[in-house]
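Heads up, the thing below is written out as structure tokens.
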Amino acid sequence: MAIPYHRILIKLSGEVLRDVSRGEILNPKMLTLLADELKELHQEGIEVALVIGGGNIFRGLAGQHQGIERIRGDHMGMLSTVINALAIEGALQQSGLTAQIQLAIEIPQIAELFRKDKAIRALKEGRILLFAGGTGSPLFSTDTAAALRAVEIEADVIFKATKVDGVYDKDPLQYPDAVKYETVSFQEVMQQSLQVMDMAAFAICMENKMPIRVFDMQWGKRHILSAAKGDPLGTLIQ
């Protein structure tokens with residue numbers, strides 16, 4: 001069966017990298033599993049970019065509850081995504097892949113700033129791209145960064161790998177009769193106020209007709225690879 005996607009952007013929550021059992025911000029086993037799965041995608045000829053969150057280290061919005069001013073907290077969150085990108089880059093290099101970080105904020109000692117032409121060239125040359133630093137501006141989430149970068153690099157789809165297995169008509173944790181959608185339109189998501197991404201990110205995807213597949217990131221089950229091969233995991237929004 002032909003693989004339906006040539007270029008994908010994966011939005012990965014920083015929380016999935018956390019070592020919950022030890023209370024550590026990074027779990028080396030998770031990093032290795034992620035690298036192995038991205039390596040399989042690469043071997044299938046799929047061009048891969050990834051936007052990583054920073055919630056395992058610091059989330060700007062949550063910082064307000066600790067007395068940290070929102071703008072400062074968001075900048076701290078941006079730096080957290082850079083730390084995660086560096087960790088993933090190291091894991092990818094250990095697996096034999098060539099990875100490249102592109103930042104939305106200037107840290108020249110670590111990586112270069114995002115540029116569309118350089119990003120697309122890197123993908124065509126077989127490098128895994130890691131986008132970090134969010135959008136470079138406070139008050140925007142890494143979901144918004146994922147939507148922007150997906151449109152800019154002309155990805156075929158956004159894979160949002162999360163802790164939930166799709167999009168439901170209501171919260172499945174509160175309502176046992178919640179129904180999961182296999183496919184749903186952008187308009188239906190808006191009309192029913194379904195939780196997919198923040199509104200800024202979702203508006204970018206809807207305006208640019210960028211499909212979003214939402215599924216759960218179960219380590220070791222190769223869900224990203226399965227979705228890239230066209231398996232109907234989770235929910236497809238288009």
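Points to keep in mind about this one:
- Remark: the stretch 136-149, residue by residue, has Karplus-estimated 3J(HN,Hα) of x, 10, x, 6, 10, 8, 6, 4, 5, 4, 5, 5, 4, 5 Hz, where x stands for each Gly or Pro and the curve is 6.51 cos²θ - 1.76 cosθ + 1.60 at θ = phi - 60°.
- Phi angles across the stretch 59-66 convert, under the Karplus curve 6.51 cos²θ - 1.76 cosθ + 1.60 with θ = phi - 60°, into 3J(HN,Hα) values of 10, x, 5, 5, x, 4, 6, 9 Hz, Gly and Pro given as x.
- Calculated P(r) of the chain - Cα pairs past 31 Å, %: 17
- The chain - percent relative contact order, Cα under 8 Å, separation 6 or more: 23
- Between Glu40 and Gln174, full extension at 0.36 nm per residue minus the direct alpha carbon distance yields a gain of 44.6 nm.
- Fewest neighbouring Cβ atoms within 10 Å first, the residues Leu173, Leu139, Leu97, Leu9 line up as Leu173, Leu139, Leu97, Leu9.
- As a calculated quantity, the FRET efficiency between Lys29 and Asp216 at R0 = 25 Å, using C-beta atoms, amounts to about 0.90.
- Across the stretch 8-14, computed HN-Hα scalar couplings (Karplus, 6.51 cos²θ - 1.76 cosθ + 1.60, θ = phi - 60°) run 10, 10, 9, 9, 10, 6, x Hz from first to last residue, x flagging Gly and Pro.
- Sites Gln191 and Asp231, calculated FRET efficiency, Cβ-Cβ separation with R0 25 Å, nearest 0.05: 0.35
- Computed over the stretch 15-114, relative contact order equals 22 percent, with contacts defined as Cα pairs under 8 Å that lie 6+ residues apart.
- Here the stretch 118-238 is treated with +1 on each Lys and Arg Cβ and -1 on each Asp and Glu Cβ, and its dipole about the Cα centre works out to around 580 debye.
- With neighbour counts taken as other beta-carbon atoms within 10 Å, the residues Lys124, Lys116 rank, fewest first, as Lys124, Lys116.
- Cα centre as origin, Lys/Arg/Asp/Glu Cβ charges: the stretch 7-237 dipole, Debye: 320
- Point-to-point label distance, Glu154-Gln66, nm (Cα→Cβ direction, 7 Å offset): 4.2
- Contact order normalised by residue count of the stretch 130-238, Cα under 8 Å, 6+ apart, percent: 34
- Length released on extending from Arg121 to Arg22, taking residue separation times 0.36 nm less the Cα-Cα span: 31.7 nm
Only the coordinates and a few stated rules stand behind these numbers; no lab work does. The model shown is predicted, which means the values in this text are computed figures rather than measured ones. In this analysis, Cβ positions are derived from the backbone assuming ideal geometry, glycine residues included, and neighbour counts consider all displayed protein chains.
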